[in-house]
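Notes follow once the structure below has been shown.
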Amino acid sequence: MATSQDDPFYSAKRRLSRGKKHARDLESASAAFINSQPYVRVIEPEANGITKLHKVKLIKPFPEELADIATDAFYNLRSVLDQIAYAAAVASGNPSPGFAYFPFSDTAEHWEDRAKGLCKDVPSDVTALFRAFKPYKDGNNALWALNELRNVNQHAILVPLGAASTQVTSSGLVMRAPKDGAISFNLPMWTPATWDSCKNEMIIFREDPPVDNCFVASECRGSSTTLLA
């Protein structure tokens with residue numbers, strides 16, 4: 001079994017192992033919470049008295065342990081990257097590197113500036129490998145998001161709502177409802193802007209009165225959706 005004495009990447013591997021465990025624990029705990037049916041679907045009138053707001057509301061608080069597990073997962077997985085940078089510097093012959101990090105930034109140009117300082121002790125070929133991952137916004141958004149989540153310690157859950165037959169057309173998304181007009185669907189429409197953390201609710205879509213036997217609805221992020229009754 002490798003130890004920290006003969007494997008410079010031992011610590012990074014340990015962090016990765018812990019991060020994966022926390023991620024599995026988070027998935028399991030989240031599934032248990034969702035399976036407990038912690039939400040209800042409601043329809044409320046908008047202020048204009050005409051439009052109906054279709055919402056999902058939480059009726060149970062998020063378990064505190066979800067945020068704790070998520071924080072542990074983000075911290076360990078993100079720290080793996082800095083551990084790798086440090087280990088690479090040590091393996092290259094520098095016993096105590098002072099500038100060996102995995103840099104992140106909001107733009108590619110800013111990343112280059114950060115790398116010059118934070119990767120001074122990292123071998124150039126390893127820095128080139130870091131660059132290839134594009135760890136900046138709109139470069140590799142998964143990596144960038146991991147860094148952001150670790151920094152702000154936030155966690156959110158997308159609550160599944162159901163399913164429906166959908167068809168994407170040039171004019172938007174057409175959802176065919178059954179004869180009675182009922183609609184049930186599940187779309188990836190969660191964003192920090194659409195979730196109301198004060199009311200613990202989210203607007204799924206806005207429904208206007210029937211027009212020519214169709215419901216014309218506008219989804220809460222502003223995109224147009226046509227629901228055929």
> Cα to Cα, under 20 Å, and not fewer than 8 places away if on the same chain: which lysines meet these conditions relative to Lys60?
Replying inline: Lys199
> Which of the lysines could a cross-linker bridge to Lys137, judged by Cα under 25 Å and excluding same-chain residues fewer than eight apart?
Replying inline: Lys20, Lys116, Lys120
>> In whole Hz and in residue order, list the ³J(HN,Hα) couplings for the stretch 64-74 that follow from phi through the Karplus curve 6.51 cos²θ - 1.76 cosθ + 1.60, θ = phi - 60°; x for Gly and Pro.
In response: 4, 5, 4, 5, 5, 5, 4, 4, 4, 5, 4
>> On a straight-distance basis, which aspartates and glutamates could pair with Lys13 in a cross-link, Cα separation under 14 angstrom, same-chain partners fewer than 8 positions away excluded?
In response: Asp82
>> List the residues, sorted by chain then number, that are 5 or more residues from Gly139 or on another chain and whose placed amide H is less than 5 Å from its amide H.
In response: none
> How much net charge surrounds Asn200 when only the other residues with a Cβ under 10 Å from the Cβ of Asn200 are counted, with Lys and Arg +1 and Asp and Glu -1?
Replying inline: +1
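Read the figures in this text as sums done on the coordinates, not as results from a lab. Values in this document were obtained by computation on a predicted structure and should not be read as measured data. All Cβ positions, even for glycine, are placed from backbone atoms using ideal geometry, and neighbour counts span all protein chains on display.
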